Each structure stands twice: as structure tokens, then as C-alpha cells.
Ligand SMILES: Nc1ncnc2c1ncn2[C@@H]1O[C@H](COP(=O)(O)OP(=O)(O)OP(=O)(O)O)[C@@H](O)[C@H]1O
Ligand SMILES: [Mg+2]
């Protein structure tokens, strides 16, 4: 089957200016996401992971190479069918949870009852039914991230791109949020690309884990996890789980040291 979304020979160079040299942030990189797979990306800080996601989402141009989603070129805008959850908490502080989640559907041409049905269903799915009228400041960090995921869910994306969505959460909450994302992946049938700095998270959630080099980020290893589709955070108890995390770390360690400038 052909790729659901793909990068072919993609690089991204941030232009210089004001005395700054141009910065080669990413690539050249190839990536072919299989329809319905869960792909995780790990890599040292600053290696170009967010840049990769922005290019794949059509939010930033590739300097070289081609980006495709469902066979069509991606450029200049997020294609219909692609949903993005950003690295920082991107909830709107001035809107309540309901309006935050409904935001992307305003002006979509859907009628009010369809918008309401989608918002209610996304809130229920993310465990936020009782918080529809709360404001982000009244929620925990994990709940705010769930609002951001719900906001993407209402768009019924076929490809979901998540950039370190749980980075700011404690380890236990992160594990449970990971289970939520697995459930979302299973029940929507969407293709998921998750960026994370947590190797255990990548190892637990993904069908394949791509390990990136220090900047400019390229894939230095792509590991098939071989997990069943029905899975959750209890995978961490399996004896082969530790070996998988160790494999990821052995690929990543040298690159992380390079990224810190210690070589
Ligand atoms: N808008 C920008 N203009 C110029 N340089 C940028 C811009 N955005 C990112 N960069 C540079 O590109 C490189 C890659 O950044 P990116 O945000 O993609 O890294 P990352 O892997 O997501 O890092 P982290 O794990 O810390 O989130 C960094 O060196 C960063 O300084
Ligand atoms: Mg980033």
C-alpha cells in the first residue's frame, strides 16, 4: 500500500538575517508513514523534530524535497484531514473548554447541531464532559492538553501529528495520557505521528520508532516494536520492553552528547 504521508529528500534551512547565518535544521530526510500506523520520533533537543512536524503539516516550507499527504503535495497550509497538537499548551485562555474545542469548526460550514455533536463527543472521549464551561486556567496541565487533543479530534483527522504533547506532565500522568492516545489511535483508525523526548513513551506507544541524529536531524535508526494493536502502558512490565528502550538509547546516546556540544 502506498504511504499515507511522506517526506522525500526533505531538508529545512532557516534563512539567516540580522547577522545570523542560515541554519540547517533538518534533513535530508525520507519518511513514509503507513496508513493507520503509530510512528514515534525521538531525537536530541534541537535536532529538528518540531521542524519535521511543521513541514509535514504544511506549516513551514521544505527547503528541498517533497511532502505528500494522501498522494497530494503539501505546501502552504495544513491539508484537510490533518490535525496538529503543538508542543506548548495552545489552549485559548479567554475561551471556555467548549469554545476551545469548537474553535476549528467555526466557519467550517457545518451546522450548529453537527458542531455541538462533535464537540460533545470529543469532550466525552477525552474525559472532559463535566468541564465544558470551565476556563483553561481552572484546569490541570494534563486536562489542558486533553482540551488541545479534543480540539484536534473534532476535525476528524485521518493523520494526527502530536509534538511532545505531554512534555510538561509528571511521569504517571504521561503514562495515562499515552493510554488515551492509544485508545484514540485504535478507535479513530487515524495514522499517528508522535514526537517525544521520552524513550519509554515512544517504545510503548508506537509501531515504529524513528531515532533522529543531532541537528540537522536525519533518521539514524527505525525500530519496529512488534506490539499488538491492543496495548496499553502495562507493556512496560514485559521483559522485552526494557531491551527495546535500551536499543533506542544506544542509538540516541551519542547523538544526544553531540547535541550538547560535548564532543
Ligand atoms: N523559526 C525559527 N527560525 C530559526 N531557527 C529556528 C526556528 N525554529 C527552530 N529553529 C532552529 O532549528 C533547530 C531545530 O529546532 P526544532 O524546534 O525543530 O528542534 P526540536 O528537535 O523540536 O527540539 P526540542 O526537542 O527542544 O523541542 C534549532 O536549532 C532551532 O534553533
Ligand atoms: Mg520541539
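No lab work stands behind these numbers, since they all come straight from the coordinates. Because the structure is predicted, anything quoted here is derived from the model rather than measured. No Cβ is skipped: glycine too gets one built from the backbone with ideal geometry, and neighbour counts run over all protein chains shown.
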Taking only Cα atoms of the stretch 9-57, what ratio of Rg to Rh do you get with Rh as the Kirkwood inverse-distance radius?
1.05
With Cα coordinates, the longest principal axis of the chain makes an angle with the long axis of helix 239-259, in degrees rounded to 10, of 70 degrees
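When only Cα pairs under 8 Å and 6 or more residues apart are kept, what is the percent relative contact order across the chain? Please list the in-between numbers first.
Values: 513 pairs, mean separation 66.4, N = 263.
Value for the chain: 25 percent.
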For residue 114, put the label point 7 Å out on the Cα→Cβ axis and report which residues of the stretch 76-93 keep their amide N under 19 Å from it.
79-83
Percent antiparallel among DSSP beta bridges with both residues in the chain, to the nearest 5?
55 percent
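What FRET efficiency, computed as 1/(1 + (r/R0)^6) with R0 = 25 Å and r the Cβ-Cβ distance, is obtained for residue 124 and residue 170, rounded to the nearest 0.05?
Computed FRET efficiency for residue 124 and residue 170: 0.50.
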Just need log10 I(q)/I(0) for the stretch 89-155 at q = 0.20, 0.27, 0.28 Å⁻¹, Debye formula, equal scatterers on the alpha-carbon atoms, no solvent, rounded to two decimals.
-0.67, -1.20, -1.28
Run the simple label-point estimate for residue 89 and residue 32 please: 7 Å along Cα→C-beta, distance reported in nm.
4.1 nm
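What are the semi-axes of the equivalent ellipsoid for the chain, taken as the square roots of 5 times the Cα gyration tensor eigenvalues, largest first, in whole Å? Don't skip to the answer; put the middle values down first.
Working: eigenvalues 170, 105, 67 Å².
With the √(5λ) rule applied to the chain, the semi-axes are 29, 23, 18 Å.
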Compute the distance from the alpha-carbon center of the stretch 31-47 to that of the stretch 84-135, in whole Å.
27 Å
For the stretch 1-154, the Rg and Dmax computed from alpha carbons only, in angstrom:
17.9, 53
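Normalised by the number of residues in the stretch 89-155, what is the relative contact order in percent for Cα pairs under 8 Å and 6+ residues apart? Don't skip to the end; give the middle numbers.
Numbers: 79 pairs, mean separation 35.8, N = 67.
Dividing the mean separation by the residue count of the stretch 89-155 yields 53 percent.
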